[in-house]
1. Which residues, taken from the stretch 37-51, are assigned to a loop (DSSP other than H, G, I, E, B) and over 15 Å from Leu4 (Cα atoms)?
2. Six or more apart or on different chains, Cβ atoms under 7 Å: show the pairs whose first residue is in the stretch 116-134 and within 13 Å of Met94 (Cβ to Cβ) and whose second is among the polar types (S, T, N, Q) and in a helix (DSSP H, G or I).
3. Quick one: Gly9 ticks every box in (1) surrounded by 20 or more Cβ atoms within 10 Å (Cβ to Cβ); (2) at pLDDT below 95 except a single one, so which number is it?
4. In the stretch 12-34, how many are surrounded by fewer than 23 Cβ atoms within 10 Å (Cβ to Cβ) and touching a strand residue (DSSP E or B) at 6+ places or on another chain (Cβ under 7 Å)?
5. Limited to the stretch 159-173, what total is found for residues that are of a type in the set (Val, Ile, Thr) and either without any contact (Cβ under 8 Å) to a residue 24 or more places away in the chain or over 16 Å from Gly100 (Cα atoms) (or both)?
6. Go through the stretch 16-72 residue by residue and tally those that are among the charged types (D, E, K, R) and under 16 Å from Leu169 (Cβ atoms).
7. Could you list, in sequence order, all residues of the stretch 35-71 that are crowded, with 21+ Cβ neighbours inside 10 Å and not small (Gly, Ala, Ser)?
Amino acid sequence: MKRLCLFCGSSSGTKPQYAAAAADFGRTLAERGIGLVYGGGRVGLMGAAADAALAAGGEVIGIIPAAIRDLEVQHDGCTEMHVVDSMHVRKQLMHDLSDGFVTLPGGHGSFDELFETITWLQLGYHRKPVGLLNVAGYYDPLLAMLDHALEEGFLTPFVRQLLLVEGELEPLLARLDDWEAPDLRQWLARHDL
């Protein structure tokens, strides 16, 4: 894997474990020679991941819409910075530049990025692994909702298992490395997507 895309908060959250996990993620990628693609901010978990990757000599590619550059406080130390016109362009470029995706704690933006990415995988728009690092159980309620959707018939077991979830970074990175894109032909032939 050459580059991983990180979706995470522009805030740090209430628990120190969140920022520690983001920094560990950035540092670990740099140590393994894996580039970090992310939202381009220097604050919150985004900043923690980027700072740690840069400090460890890693490649860091930021992608930030001009309209929110000041809100997310653009990181000026990135290896590359792309200032784009919209969130749609941002997400597409993040997808284009990455070989896989990991979501850490965050808010609406992180949820949006995670769900769009897993939906694109489900529909065959990309064939890249999508991981969720469930730091300190942050995503437990979301995972319970996904299980509820499965029980209620709005997700199938095939779709539910597409999201790789771990509570620790090393097992998640191992699963991303070992991941093989599933055969979507039978799934896409269904009429009740």
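The values are calculated or read from the model by the stated rules, or taken from the named source; none is laboratory data. Only a predicted model underlies this, so the values are computations on that prediction, with no experimental measurement involved. Counting neighbours? That spans all protein chains shown, and the Cβs are built from the backbone with ideal geometry, glycine included.
1. So in the stretch 37-51, the residues assigned to a loop (DSSP other than H, G, I, E, B) come out as 39-40, 42-43.
Correct list: Arg42, Val43.
2. Matching pairs, first to second residue: Val130/Thr117.
3. All conditions pass for Gly9, except number (2).
4. Of the residues in the stretch 12-34, 1 are surrounded by fewer than 23 Cβ atoms within 10 Å (Cβ to Cβ) and touching a strand residue (DSSP E or B) at 6+ places or on another chain (Cβ under 7 Å).
5. Of the residues in the stretch 159-173, the ones of a type in the set (Val, Ile, Thr) are 159, 165.
Next, only the ones that are either without any contact (Cβ under 8 Å) to a residue 24 or more places away in the chain or over 16 Å from Gly100 (Cα atoms) (or both) stay: 159.
The total comes to 1.
6. Going through the stretch 16-72 one residue at a time, the tally reaches 4.
7. Once the filter is applied, which keeps residues that are crowded, with 21+ Cβ neighbours inside 10 Å and not small (Gly, Ala, Ser), the stretch 35-71 yields Leu36, Val37, Tyr38, Leu45, Met46, Val60, Ile61, Ile63, Ile64.
Listed here are the residues, each with its yes/no results for (1) exposed (fewer than 13 other Cβ atoms within 10 Å of the Cβ); (2) not small (Gly, Ala, Ser).
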| site | (1), (2) |
| --- | --- |
| Gly109 | no, no |
| Glu116 | no, yes |
| Asn134 | no, yes |
| Val165 | no, yes |
| Asp178 | yes, yes |
